[in-house]
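Notes to accompany the following structure.
The values are calculated or read from the model by the stated rules, or taken from the named source; none is laboratory data. Keep in mind it's a predicted model, so treat the numbers as computed, not measured. All Cβ positions, glycine included, derive from the backbone under ideal geometry; neighbour counts span all protein chains shown. Accessible surface areas use protein heavy atoms only, side chains included; no ligands, DNA or RNA. Shrake-Rupley method; radii C 1.70, N 1.55, O 1.52, S 1.80 Å.
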Amino acid sequence: MPRSEERTGSSEYYMTETTQIQNENPNPDSFAALFEASATRTDALREGDIVAGTILKVGKDSVVVDIGYKSEGVISLHEFINAEGNISATAGDSVDVLIESKENEDGLVMLSKEKADKLKVWDEISAACERDELIEGTITQRVKGGLAVTIRGGVKAFLPGSQVDLRPVRNLDRLLGQTFQFKVIKFNKKRGNIVLSRRVLLEKERDRLKEATLENLQEGQIVTGTIKNITEYGAFVDLGGIDGLLHITDMSWGRVNHPSEVFEVGDEVTVKVLKYNADTERVSLGLKQTMEDPWNVATDHYVAGKKVKGKVVSLTDYGAFIELEQGVEGLIHVSEMTWAKPKHPSKVLEVGQEVECVVLDLDAQNKRISLGLKQLEPDPWTVFTQKYNPGDIIQGRVRSITDYGVFVGIEDGVDGMVHKSDLSWTQRINNPADIYRKGDEVEAIILSINHDDRKVSLGIKQLYEDPWVFVPKRYPEGTVIEVRSTGADEYGIHVELERGVEGVIPRGEISADLSQEPTEIVKTGDIVKAQVIRLDDDERTITLSLRAAEGQDVNQVARPEEAQRRVAPRKVGPSLGGAQATLGDALKDKLGAFAIAASTDEGDQEAPAEPEEATAEEPAEEETTD
C-alpha cells in the first residue's frame, strides 16, 4: 500500500473520528477540553517510549496503529510474522509499540513492535535476574567457547561450555534445538550481554537427589540407575545425585573384555549395592549379582565324557579357554588338543572359533572344567598297538634328532626312538646328527613297546648281522692278515680288517724305532701286513702288530662281501595283530639259526688256519637260515 494511500486512509479515519467526537460533544467547551487533552498527550509522547496502541488496518506491507497521537503510526508487516511464518495482526488488536520517530516525511509516526518486544524482554529478564528466577531458552547455535541460546522475544544469550552440564560435554552439537531452563549468572543491559548457566540448576538437583538417595541407600539393595561414564575398568552409574562404580568383573558371570561391549552412556541398568561407605560416599555395584550364578547348575550340565560346543575366547601358551555358556568357561590344555606332539594352541585353534570338545573333568568348587579336543578322534596309540608288534620292521622319516638318539615317525601321532647305541654294531656314535638329518627316510625294527609310558624303542643295527658274531672265529689271535690304514695319530695306527670291523696298531707295535711318528711310517689308505695279538670280545677291540707279522705269511681268511648283511629280509610293515611277541622271539625269528651256527663254529675252532674252512661253510648255513 503506497504511503500516500495510507496517509489518505488514516486522515479520513481521523476526520471521521473527530466528526464523531464533535457530534457526540457539540458543546464548544467540551471540544476545547478534548483538544487540550490531545495536545497534552502529544507533548507527553517521546521518541523511544513504549506505548499501547490499537491496530487500525493491516495492509499488504504495513500495519497502521493508532497510539492517540495526532497522526497514526506505521509498522512494517514482517514484524508481525510469528515463529510459524503466519501474520499475527488483526484490526482492533492491542499492541505495545516503540516510538522511533514522531513524524516522517509523510506525516506518520514511525513505530516498531519488534523493538518494543525486545525492550520488554530485557526488562523481564532484568526483573527475573533480580528475583533469582529461571529463564527458558532454546539452544540454537554453537559458538566459540560455548552455545548461543535464544530466550524470550528472540533475545540471544551465551551459555559457556563449562556451564552446559555437570561434566564436560564433548559433542555440543547434539544439544542444538533442545529447550532447557537456565539461570542468569551475568546480565548487562547496556552492552546487551546475558550469560546463562545450566550447571547451577543441575548441581542443585543433584544435591537434592543425593540427599534423598543417601537416606535410603544400603548394602544388598537393588537400585536402578543410568550409565554416566565408561572407563577401561568399569562404568559409573548415576543412582540419583550420587555415582556408584560397577566394576568390569561384576558386570557378567562371563568374560567382558571392555565395559563398552555391555553398556553405552545413557543406558538404564538395575544393579545391586555391594558396598556402601557413608563416610567417603563410595558405592560399589554389581550387575551379575542380580542373576543366578551359572556354576550352581554346571554339575548337572557338564558331566565327564559329554560332548559340548563352545567358542574360543582366549589363547595362552598352555591351552585355550572355551566359553560353554555365559559365565562358564573350560580349558583345553595344549596336551589335550592333538594326539601328536603338542603344538602351540594358536596352531590348532583361533579366538572366536566355534569348537566341539569333550568334558574330561569338572571341579565345581574351584569353577574349573577340563576339556579335550583329541578325544573326538581315535587314539593313534591304540591303533598302532593293534597293528604292530615287537620285531616288525617300520619305515618312516626322521622327525627330530637329539644327543641321545633319533625320533622316527611311525604313524600319525606315534613316534619311535632309535637310541644312539642301536644305530650301528661297530661305530661309536656320539652325535646322531653326524649321520642323520631331519626328514631322512629310514627303516628300523621295533625292539619294544612300552604301553604304560606310550614309548616305542626302535633299532637300526638290529636289521643287520652283528659282525662280531664271526670276528672271534675269523680273526683268532695269531692270525696274519692284510689291513687298510684309516688314519694315524701319536698313539698308533687305526686299521680296517673288513667293513665294519676295525682294529688298532699301538705305537710300540709299529717299529722298533720309537722315534718315528706313526704318520711317517703308514699313510691313510695304505695296505699293511699285521698280526692279531689280542682280541677282546667283551670290549669289541682288536689289537694288531706290524712287528709280529714281519717274516710271516698272510693267512687266508674268507671275508664276506657285505659284513653288514641284512638279516632275514622281510616285508616292511605291521604284522597286523596276533599275540604280543617279545624282542627275543622277534630276533630269534629273524636271525633263525644264525646264532646257533656261529656258536657251533666257534666251538670247532682250534687253530688260526681253520677260519678258512669255517668261513667257507658260512654261506651255506646262511642260505639255509634264509
Among the listed residues ASP123, ASP117, which satisfies the condition of being of a type in the set (D, E, K, R), surrounded by fewer than 17 Cβ atoms within 10 Å (Cβ to Cβ) and outside any loop (DSSP other than H, G, I, E, B)?
ASP123
Using beta carbons and a limit of 8 Å, which pairs, at least six apart or on different chains, have the first residue in region 274-286 and closer than 15 Å to ILE248 by Cα and in contact (Cβ under 8 Å) with a residue 12 or more places away in the chain and the second one charged (D, E, K, R) and not in a strand (DSSP E or B)?
LEU274/GLU219; LEU274/ASP250; SER284/ASP250; LEU285/ASP250; GLY286/ASP250
When every residue in region 264-286 that is β-branched (Val, Ile, Thr) and open to solvent by less than 60 Å² (accessible area, probe 1.4 Å) is compared, the one nearest to LYS228 (Cα to Cα) is VAL269
Residues in region 330-348 that are of a type outside the set (Gly, Ala, Ser) and open to solvent by 60 Å² or more (accessible area, probe 1.4 Å) total 7
I need a count of the residues in region 168-213 that are surrounded by fewer than 11 Cβ atoms within 10 Å (Cβ to Cβ), modelled with pLDDT under 85 and of a type in the set (Lys, Arg).
3
Which of (1) touching an Asp or Glu at 6+ places or on another chain (Cβ under 9 Å); (2) crowded, with 18+ Cβ neighbours inside 10 Å is the odd one out, the single condition THR224 does not satisfy?
(2)
Give me a count of the residues in region 333-348 that are among the β-branched types (Val, Ile, Thr), out of contact with any His (no Cβ under 9 Å at 6 or more places or on another chain) and within 25 Å of ASN257 (Cα to Cα).
1
Give the residues of region 497-506 that are within 14 Å of SER545 (Cα to Cα) and modelled with pLDDT under 90, sorted by residue number.
LEU497, GLU502
Conditions (1) in contact with a Lys or Arg (Cβ under 9 Å, 6 or more places away or on another chain); (2) open to solvent by 50 Å² or more (accessible area, probe 1.4 Å); (3) closer than 23 Å to VAL501 by Cα; number of the one not met by HIS419:
(1)
For the structure I just gave you, tell me whether LEU98 is crowded, with 18+ Cβ neighbours inside 10 Å, in contact (Cβ under 8 Å) with a residue 40 or more places away in the chain and more than 22 Å from PHE187 (Cβ to Cβ).
no
Condition test on TYR302, is it of a type in the set (Ser, Thr, Tyr), farther than 26 Å from PRO259 by Cα and touching a His at 6+ places or on another chain (Cβ under 7 Å)?
no
Exactly one of these conditions fails for PHE182: (1) in a helix (DSSP H, G or I); (2) over 40 Å from the mean Cα position of the chain (by Cα); (3) touching a residue at least 12 places away in the same chain (Cβ under 8 Å). Give me its number.
(1)
Just one of GLY145, GLY53 is closer than 21 Å to THR179 by Cα, at pLDDT 80 or above and not charged (D, E, K, R); which is it?
GLY145
From GLN375, GLN386, GLN289, which residue is within 30 Å of ALA212 (Cβ to Cβ), open to solvent by 30 Å² or more (accessible area, probe 1.4 Å), in a helix (DSSP H, G or I) and in contact (Cβ under 8 Å) with a residue 24 or more places away in the chain?
GLN289
Would you be able to say whether some residue in region 317-325 is of a type in the set (Phe, Trp, Tyr) and open to solvent by 70 Å² or more (accessible area, probe 1.4 Å)?
yes
The condition of being in contact with a Ser or Thr (Cβ under 8 Å, 6 or more places away or on another chain), more than 30 Å from LYS118 (Cβ to Cβ) and either of a type in the set (Phe, Trp, Tyr) or not in a loop (DSSP other than H, G, I, E, B) (or both) holds, among GLY240, GLY244, only for GLY244
Conditions first: (1) open to solvent by 70 Å² or more (accessible area, probe 1.4 Å); (2) on the phi > 0 side of the Ramachandran plot. SER515 passes all but one, so which condition is the exception?
(2)
Being in contact with an Asp or Glu (Cβ under 9 Å, 6 or more places away or on another chain) and without any contact (Cβ under 8 Å) to a residue 40 or more places away in the chain is the filter; apply it to region 405-416 and report the residue that is surrounded by the fewest Cβ atoms within 10 Å (Cβ to Cβ).
GLY409
Collect the residues in region 423-465 that are assigned to a strand (DSSP E or B), more than 47 Å from the chain's Cα centre (by Cα) and either loosely packed, with under 14 Cβ neighbours inside 10 Å or of a type in the set (A, V, I, L, M) (or both), keeping them in residue-number order.
ILE445, LEU447
Go over the candidates VAL355, VAL312, VAL351 one by one and state the one that is among the aliphatic types (A, V, I, L, M), under 28 Å from PRO259 (Cα atoms), open to solvent by 70 Å² or more (accessible area, probe 1.4 Å) and in contact with a Leu (Cβ under 7 Å, 6 or more places away or on another chain).
VAL351
